[in-house]
Amino acid sequence: MSRSRMVSLVHMLRRFARSSRGVAAVEFALVLPFMLLLYLGSIELSAAISVDKRVTVAAGSLGDLVARADTSISTSTLNDYFTAAGATMAPYDDTTLKQVVTCVKIDSSGNATVLWSKGYNGGTPHPDDSTFDVPTDLKNLQLDNYVIVSEAAMPYDPMFGYVFKNAFDLYHEFFYVPRYGDKIELT
């Protein structure tokens, strides 16, 4: 390589290094993938949080409605409560919302057993007379009494699949003391 060509190449490299015409485009190209991932991730996360809150409301509403029953509740009324709790999922589709409500008897020794349980839309009811895991504080509070347990579960399918790759289950469980203090029979 001749000296004049070397000087010419060095001169071009210096001029290229001082030029700032393409800097913004290069910076934009470097930052764009991160910003898109951040944007889509925030949309996905906010949708998952919104669905999770609605599953919480569905489970809470169901348990609260059943706990307000006086001494008995009919299966048709319970089905209406399931439907009403599912309506709280709007604008999301509630066809995959599984719900279960259970009446649990806690004896004087703190043993919790299922008195009755009813599932809805694929929710699996707990077998009668089976043991049920109730928090210790609630057991101590409700010795020789009853507890209404409401559960709701729903799979969340990611919209884009960039942040959350696979579907995952949202699940909530609530415990309620019957308002009238006695057991609630399912008729």
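Each value in this text was obtained by applying a stated rule to the coordinates, not by laboratory testing. No experiment lies behind these values; they were computed from the predicted model shown. Cβ atoms come from the backbone with ideal geometry, glycine included; neighbour counts cover every protein chain shown.
In this label model, residue 43 and residue 70 are separated by 5.3 nm, measuring between points 7 Å along each Cα→Cβ vector. Radius of gyration over Kirkwood radius for region 91-187, both on Cα atoms: the Rg/Rh ratio is 1.09. Backbone amide hydrogens, once placed in the peptide plane, bring residue 156 within less than 5 Å of 168, 169, 170, excluding anything fewer than 5 places away on its chain.
Fraction of C-alpha pairs exceeding 18 angstrom in region 34-140: 59 percent, rounded to a whole number.
Calculate, for residue 163 and residue 133, the FRET efficiency according to 1/(1 + (r/R0)^6) with r their C-beta to C-beta distance and R0 45 Å; round to the nearest 0.05. Between residue 163 and residue 133 the formula returns 0.85. Of 98, 53, 165, which has the largest mean-square fluctuation in a 10 Å C-alpha GNM of the chain? Greatest mean-square fluctuation among the candidates belongs to 165.
Here the average projected area of the convex hull drawn through the C-alpha atoms of region 63-126 stands at 5.0 nm². With each label modelled as a point 7 angstrom along the Cα→C-beta vector, the residue 8-residue 29 pair spans 2.7 nm.
Peptides 86-97, 128-139 ordered by packing proxy, namely the average of other Cβ atoms within 10 Å per residue, highest first: 86-97, 128-139.
Among the trypsin sites (Lys or Arg not before Pro) in region 1-40, those located in a DSSP loop and surrounded by at most 10 other Cβ atoms within 10 Å of their own Cβ are 21. Within the listed set 25, 152, 48, the residue fluctuating most in the Gaussian network model of the chain (springs between alpha-carbon atoms under 10 angstrom) is 25.
Across the alpha-carbon atoms of the chain, the computed radius of gyration and Dmax are 29.5, 103 angstrom. From the alpha carbon centroid of region 45-112 to that of region 115-134 is 13 Å. Result for the chain in a Gaussian network model with C-alpha springs under 10 Å: among 114, 26, 66, the largest mean-square fluctuation is at 26. Proximity of backbone amide H atoms, modeled 1.01 Å from N, is registered between residue 126 and 118 at under 5 Å, excluding neighbours fewer than 5 places apart on the same chain. The calculated 222 nm mean residue ellipticity attributable to helices in the chain amounts to -14500 deg cm²/dmol, summing -39500 (n - 2.57) over DSSP H runs of n ≥ 4 and dividing by all residues.
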